[in-house]
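Structure record follows, encoded as structure tokens.
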Amino acid sequence: MSALKRALFVITIFTLSISLTGCGAGLNASTRQISQVTDGVEANVINEQNNIRVVNLLVVATADQNAVLVGTIVNAKDAPDTLLGIAINGSVATLTGTTTLLKNTPIIFEGDSANAKSVSPGFTSPAGSRVQVSLFFARAGEITVDALVRGATDIYENVTSGAAVSAPAATTTENE
């Protein structure tokens with residue numbers, strides 16, 4: 001009889017340890033429901049004609065009261081699209097650099113790999129707030145997101161409203 005009690009005790013302890021460690025939460029555990037792991041927001045226009053993905057988009061508020069866009073835009077379709085313009089918090093932003101979205105060739109705002117820049121003047125929203133950012137495309141139409149505003153500190157300290165990015169020059173080869 002003591003062996004039966006001992007076996008029951010071991011089974012009870014095992015069952016309690018499984019349920020207390022959270023393994024019993026299943027597929028709907030709150031830790032499995034995390035969808036945003038960065039400050040930036042994401043958006044998509046995916047249909048038969050378009051496959052535009054906006055990744056890690058946020059706005060950096062600079063000391064000179066400008067809003068600078070940070071993020072990446074990718075087109076996964078064979079047909080190219082064009083980024084026509086950007087509005088940050090209702091103000092049209094100056095867009096310089098690459099605006100044509102070729103298949104799997106991203107437009108990158110800010111950072112070492114940046115090939116585009118978007119700056120909106122007269123920006124007074126404080127860091128920590130959220131603002132509307134609208135992206136206008138020739139084929140995909142409009143994408144509007146509710147983006148976080150970050151200050152130009154920490155990892156964003158090198159984000160400035162100056163030094164516009166110019167579009168890369170077309171390369172030609174001469175026949176000799």
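The values are calculated or read from the model by the stated rules, or taken from the named source; none is laboratory data. These numbers come from a predicted model, not from an experiment. Backbone-built Cβ (ideal geometry, glycine too); neighbour counts: all protein chains shown.
Note on segment 61-74: residues that are over 16 Å from Leu95 (Cβ atoms) and not in a loop (DSSP other than H, G, I, E, B) amount to 2.
In the condition set (1) more than 30 Å from Ala152 (Cα to Cα); (2) modelled with pLDDT under 95; (3) not charged (D, E, K, R), Pro80 is compliant with all but (2).
If a residue must be under 21 Å from the mean Cα position of the chain (by Cα) and modelled with pLDDT under 90, how many such residues does segment 119-163 contain?
In the first step, residues of segment 119-163 are kept if they are under 21 Å from the mean Cα position of the chain (by Cα); the result is 119-120, 123, 125-161.
If we keep only those that are modelled with pLDDT under 90 too, we end up with 161.
The qualifying residues number 1.
Before we move on, is Ala87 at pLDDT 95 or above, small (Gly, Ala, Ser) and surrounded by 13 or more Cβ atoms within 10 Å (Cβ to Cβ)? Against the criterion (at pLDDT 95 or above, small (Gly, Ala, Ser) and surrounded by 13 or more Cβ atoms within 10 Å (Cβ to Cβ)), Ala87 qualifies. Taking the criterion of being in a loop (DSSP other than H, G, I, E, B) and either surrounded by 21 or more Cβ atoms within 10 Å (Cβ to Cβ) or among the charged types (D, E, K, R) (or both), the residues of segment 126-150 that qualify are Arg139, Ala140.
So how many residues does segment 76-101 have that are assigned to a strand (DSSP E or B) and in contact (Cβ under 8 Å) with a residue 60 or more places away in the chain? Please lay out each step first, then the result.
At the first step, the residues of segment 76-101 found to be assigned to a strand (DSSP E or B) are 81-88, 91-92, 94-97, 100-101.
If we keep only those that are in contact (Cβ under 8 Å) with a residue 60 or more places away in the chain too, we end up with 94, 96-97.
Count: 3.
Is one or more of the residues making up segment 25-44 modelled with pLDDT of 85 or more and charged (D, E, K, R)? Yes - at least one qualifying residue is present in segment 25-44.
Scanning segment 104-125 for residues that are over 22 Å from Pro80 (Cα atoms), outside any strand (DSSP E or B) and small (Gly, Ala, Ser) gives Gly111, Gly122, Ser125.
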